[in-house]
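First comes the structure, then the notes that go with it.
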Amino acid sequence: MKTADIIIVGAGPAGLFTAIQCIDKSVLVLEKNESPGKKLLISGTGRCNITNDCKLSDFYEHYGANYRFLKTALNCFTNYDLIAFFEQNGLETNVDKNGKVFPATQKSRDVLQVLVDKCKQNKVEISYNQNVMSIEKAAGRFILKTDLAAFSSRFLVIATGGMSYPLTGSTGDGYHFAKQLGHSIHPPKPSLSPVFVKDYLMASISGVSVQDKMIYLYRDEKKISEHRGDIGFTHKGLSGPGILDFSRQILSGDVLKMNLIDIKPDNFRNEILLSSTKEGKTTLQTYLKKYELPRSLLLLVLQAIAVEPEIRMAEITKIERNKLVAALCEFPFIIEKVGGFNMAMVTAGGVKLNEVNPKTMESRLVTGLYFAGEVLDIDGDTGGYNLQAAFSMGFLAGKVISGTEDGQQMYPNSNTV
Ligand SMILES: Cc1cc2nc3c(=O)[nH]c(=O)nc-3n(C[C@H](O)[C@H](O)[C@H](O)COP(=O)(O)OP(=O)(O)OC[C@H]3O[C@@H](n4cnc5c(N)ncnc54)[C@H](O)[C@@H]3O)c2cc1C
């Protein structure tokens, strides 16, 4: 049986970053794939949005209700620490207009290369094609079995990711291991996923998007939530950051109402009325140009409510006015379903957070057992928040394990690093 001080299961960003921090101890990373970071490579459509340029205090609102769990990790290793880490290791970064931070080369492969090089430099061993099947703890050591061999270690880090994009290797194995070791799991659910719309009218404008629009979520005819963001129309429904970030709240049968022109319904109604006298000869489609909607989308919406684009403002009837207000200020989409794990960017749910110490990432149930990354019940919005969380959790877990001697933690749980 091969032994190491620390075994990390999973060579994704969380596992690799944990490994990099563990100096002065032997570290073995077990990865089921033939290569590391498959999901990292497809992140940000291959450009890898590693973090966000916003203030640290603004980070928290991007992790839903469980954000408190991440406070220590994010304070110990901030977005600026992450940017500095990559820059010190020769990878410059750029920030886009939305605050998303990317490698200057725009290549996720370069991000992965830095992590792998750093592992090599720190003498971390990564063993590929090792599909961990079972984990148990006996006589103070963790015993892991893969389909090829058995391993034992004093510390164990589960960094196996969630269940989304299973072809990348994240197939929910970490939940089974956590259960085997006595942990409970908050049921996993796809998150950051596009939605499919019933009787969808927009298939012909697939690829068109609108920026910074307000969306209201209705369940059983009651408004229960709202969100603002960029929205893309797909072949079968809606996507884009505004929908992906909202998707963790959406259920089949819900109705999304989108304000396409960013003006309150009553104000828009009054505007149309005023224009019928002031700009009576102007056609409706010319009048609506000021709202800067893509023309193809506007024509589809008008077709859906059977109002002629060429109608003059003075000719609009009360019924047509009402239809225009409803369609442009509250266009309804009935949700058939939210995309599954094969199209969700992250997994909501996972190892329950009250069983893990957020100041160390160590299990509260099993000494020496640590968790990092998406396997835990925390998920973030689009914009670099998920990778930052994986790196910060990996950093904290690695530093704590590195500083642990004879059961005493030597690592200060503050932002002094
Ligand atoms: C299409 C897409 C785009 C994304 N874009 C971004 C982005 O731009 N910015 C951002 O912040 N986030 C993005 N994300 C999310 C981000 O990639 C993940 O949150 C992040 O990779 C999670 O890191 P992790 O290390 O926890 O898990 P993972 O990256 O899933 O890594 C887990 C690793 O564990 C291995 N493993 C699993 N089970 C076993 C086992 N039994 N034995 C051995 N090894 C095992 C897997 O093979 C995998 O290599 C994106 C996700 C997707 C799917």
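Could you figure out which of (1) under 22 Å from Tyr385 (Cα atoms); (2) among the charged types (D, E, K, R); (3) within 10 Å of the ligand (Cβ to nearest atom) isn't true of Glu31?
(1)
Considering Ser204, Ser225, which residue is assigned to a helix (DSSP H, G or I), touching a helix residue (DSSP H, G or I) at 6+ places or on another chain (Cβ under 9 Å), more than 15 Å from the ligand (Cβ to nearest atom) and in the same structural domain as Lys264 (by TED's automatic domain parsing)? Quick ask: steps written out before the conclusion?
Working: Ser225 fails: assigned to a helix (DSSP H, G or I).
Selected residue: Ser204, the only one of Ser204, Ser225 that is assigned to a helix (DSSP H, G or I), touching a helix residue (DSSP H, G or I) at 6+ places or on another chain (Cβ under 9 Å), more than 15 Å from the ligand (Cβ to nearest atom) and in the same structural domain as Lys264 (by TED's automatic domain parsing).
Scan the range 109-116 and give yes if some residue there is assigned to a strand (DSSP E or B) and surrounded by fewer than 17 Cβ atoms within 10 Å (Cβ to Cβ), otherwise no. Steps first, please.
Going through the range 109-116, the residues assigned to a strand (DSSP E or B) turn out to be none.
No, the range 109-116 contains no residue that is assigned to a strand (DSSP E or B) and surrounded by fewer than 17 Cβ atoms within 10 Å (Cβ to Cβ).
Looking at (1) crowded, with 21+ Cβ neighbours inside 10 Å; (2) in contact with a helix residue (DSSP H, G or I) (Cβ under 9 Å, 6 or more places away or on another chain); (3) touching a residue at least 40 places away in the same chain (Cβ under 8 Å), find the lone condition where Thr168 falls short.
Only one criterion is unmet by Thr168, namely (1).
Is there a residue in the range 125-133 that is away from the ligand (no atom under 16 Å from the Cβ), surrounded by fewer than 18 Cβ atoms within 10 Å (Cβ to Cβ) and not in a helix (DSSP H, G or I)? Break it down into steps so the answer makes sense when it comes.
Of the range 125-133, the ones away from the ligand (no atom under 16 Å from the Cβ) are none.
No.
Quick check on Asn129: is it in the same structural domain as Ser170 (by TED's automatic domain parsing) and modelled with pLDDT under 95?
Considered against the rule, which asks whether it is in the same structural domain as Ser170 (by TED's automatic domain parsing) and modelled with pLDDT under 95, Asn129 comes out as no.
Mind checking whether some residue in the range 165-185 is within 15 Å of the ligand (Cβ to nearest atom) and assigned to a strand (DSSP E or B)?
To start, the set of residues in the range 165-185 that are within 15 Å of the ligand (Cβ to nearest atom) comprises 165-181, 185.
Filter once more, keeping what is assigned to a strand (DSSP E or B): 185.
Yes.
What pairs come up if the first residue lies in the range 51-73 and is on the phi < 0 side of the Ramachandran plot, the second is part of a loop (DSSP other than H, G, I, E, B) and of a type in the set (Lys, Arg), and their beta carbons are under 8 Å apart, counting only those six or more places apart or on different chains?
Thr72/Lys359
If a residue must be within 7 Å of the ligand (Cβ to nearest atom) and within 25 Å of Ile143 (Cα to Cα), how many such residues does the range 373-389 contain?
Within the range 373-389, residues that are within 7 Å of the ligand (Cβ to nearest atom) and within 25 Å of Ile143 (Cα to Cα) number 3.
Picking from Glu92, Glu136, Glu87, Glu61, which residue would you name as being more than 14 Å from the ligand (Cβ to nearest atom), at pLDDT below 95, in the same structural domain as Val400 (by TED's automatic domain parsing) and surrounded by fewer than 17 Cβ atoms within 10 Å (Cβ to Cβ)?
Result of the check over Glu92, Glu136, Glu87, Glu61: Glu61.
For the range 280-386, give me every one of the helices (runs of 4 or more DSSP H) that falls completely inside it and has 2 or more residues that are on the phi > 0 side of the Ramachandran plot. Before the answer, list the steps.
Numbers: elements: 284-287, 295-304, 318-329.
In the range 280-386, there are no helices (runs of 4 or more DSSP H) which contain 2 or more residues that are on the phi > 0 side of the Ramachandran plot.
List the helices (runs of 4 or more DSSP H) inside the range 1-73, counting only whole elements, that have at least 1 residues being polar (S, T, N, Q).
Values: elements: 13-21, 38-42, 56-59.
In the range 1-73, 13-21, 56-59 are the helices (runs of 4 or more DSSP H) which contain 1 or more residues that are polar (S, T, N, Q).
Can you tell me which residue in the range 390-406 is surrounded by the most Cβ atoms within 10 Å (Cβ to Cβ), limited to those that are at pLDDT 95 or above and either within 11 Å of the ligand (Cβ to nearest atom) or farther than 16 Å from Asn75 by Cβ (or both)?
Just the residues of the range 390-406 that are at pLDDT 95 or above, to begin with: 390-401.
Then keep just the ones that are either within 11 Å of the ligand (Cβ to nearest atom) or farther than 16 Å from Asn75 by Cβ (or both); that gives 390-391, 393-394, 401.
Numbers: Ala390: 29, Phe391: 29, Met393: 34, Gly394: 30, Ile401: 27.
Here the answer is Met393.
Using the structure shown, decide if Val255 is crowded, with 16+ Cβ neighbours inside 10 Å, more than 16 Å from the ligand (Cβ to nearest atom), touching a residue at least 40 places away in the same chain (Cβ under 8 Å) and within 30 Å of Ser193 (Cβ to Cβ).
Details: crowded, with 16+ Cβ neighbours inside 10 Å: yes; more than 16 Å from the ligand (Cβ to nearest atom): yes; touching a residue at least 40 places away in the same chain (Cβ under 8 Å): yes; within 30 Å of Ser193 (Cβ to Cβ): yes.
Considered against the rule, which asks whether it is crowded, with 16+ Cβ neighbours inside 10 Å, more than 16 Å from the ligand (Cβ to nearest atom), touching a residue at least 40 places away in the same chain (Cβ under 8 Å) and within 30 Å of Ser193 (Cβ to Cβ), Val255 comes out as yes.
Which number in (1) without any contact (Cβ under 8 Å) to a residue 60 or more places away in the chain; (2) not in a loop (DSSP other than H, G, I, E, B) marks the one condition that Pro190 misses?
Every listed condition holds for Pro190 apart from (1).
The values are calculated or read from the model by the stated rules, or taken from the named source; none is laboratory data. Predicted model only: the values in this text are computed from it and were never measured. Note: ideal-geometry Cβ built from the backbone for every residue, glycine included; neighbour counts use all protein chains shown.
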